[in-house]
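Trainee: So that we are looking at the same thing, I have put the structure below in structure tokens.
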Amino acid sequence: MTAIPLGIAGGIVGLALLNLVGGLLPMIGLMPLSQPFDMITMLGFLILMGTVVNNPILVVDQARRNLSQEGVSVVDAVVDAVQTRLRPIAMTTLTTLCGLSPLVFLPGEGTELYRGVGVIVLFGLMGAATVTVTFLPALTVVVLSWGEKRATKSELPLSMN
């Protein structure tokens, strides 16, 4: 759930950056780029929400599977999960970014209409992927450690609780 708001923030920052940099393009002799915050651009947030939740699910699911093995600490389970899932996350993120880049950065017929969706998804996915491999593992360690302590505490005899 942490990836969704941070992905949305990345999409908003990306839209602002596109308009800022796009306004400066005439200074170097290029056509200006601008994208209003319209209804089709807002549709990009729905697409983004469905996209950004996939990568954290991979990491958390793998960490929980690793933790179910005997003798594995929470930190080791999360580190191994990030190591094993980093390549699939990087591959899917990079292919999506490369696929959206022409829509966002190259002018042409039809790009004016859907550029907003592309900007939101492109920059939102970049922000969410960064969070997935940096902030999410630390948060996962904290939450799984807390859950492990609660499980251990509930297994104590009633006289010790």
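The values are calculated or read from the model by the stated rules, or taken from the named source; none is laboratory data. Treat the numbers as computed from the prediction; the structure is a model and nothing was measured. Here the Cβ is made from the backbone with ideal geometry for all residues, glycine too, and neighbour counts use every protein chain on show. When the accessible area is computed, the model is the full protein with side chains, heavy atoms only, and any ligands, DNA or RNA have been set aside. Shrake-Rupley method; radii C 1.70, N 1.55, O 1.52, S 1.80 Å.
Trainee: Using a 1.4 Å probe, what is the accessible area per residue for the chain, in Å²?
Mentor: Working: 9870 Å² over 161 residues.
For the chain, the per-residue accessible area is 61 Å².
Trainee: While we're here: I want to check the label-to-label distance for Ser68 and Met1. Put each point 7 Å from Cα in the C-beta direction and report it in nm to one decimal.
Mentor: My value for the distance between the label points is 2.3 nm.
Trainee: Using a Förster radius of 22 Å, what is the FRET efficiency between Asp76 and Ser101 based on their Cβ-Cβ separation? Nearest 0.05, please.
Mentor: The calculated FRET efficiency here is 0.05.
Trainee: If the only charges are +1 at each Lys and Arg Cβ and -1 at each Asp and Glu Cβ, what is the size of the charge dipole of the chain around the Cα centre, to the nearest 20 debye?
Mentor: Roughly 240 debye, rounded to the nearest 20.
Trainee: Given that just one value was derived from the coordinates, which of [x] 1.00; [y] 1.36; [z] 1.93 is Cα Rg over 2.2 N^0.38 Å?
Mentor: [y]
Trainee: Label Ala9 and Leu86 with points 7 Å out from Cα along Cα→Cβ: what is the distance between them in nm?
Mentor: 2.4
Trainee: Give the relative contact order (percent, whole number) for the chain; include only Cα pairs under 8 Å separated by 6+ residues.
Mentor: Relative contact order of the chain: 38 percent.
Trainee: Within segment 121-141, what residues put their amide N at less than 13 Å from the label point 7 Å along the Cα-to-Cβ vector of Met42?
Mentor: Inside the label zone: nothing.
Trainee: Once ligands and nucleic acids are excluded and a 1.4 Å probe is used, how much of Met126 is accessible, expressed in Å² to the nearest 10?
Mentor: 80
Trainee: Just order 4-14, 67-77 by mean Cβ neighbour count inside 10 Å, highest at the front, would you? Write down the numbers at each step before the final one.
Mentor: On the way: 4-14: 19.8, 67-77: 13.1.
Per-residue Cβ counts within 10 Å, averaged per peptide and sorted highest first, yield 4-14, 67-77.
Trainee: Once you compute Rg and the Kirkwood Rh from C-alpha atoms, what is the Rg to Rh ratio for segment 33-117?
Mentor: 1.19
Trainee: Quick check: Cα centre of segment 12-41 to Cα centre of segment 55-117, how many Å?
Mentor: If we compute the Cα centre of each part, the gap is 26 Å.
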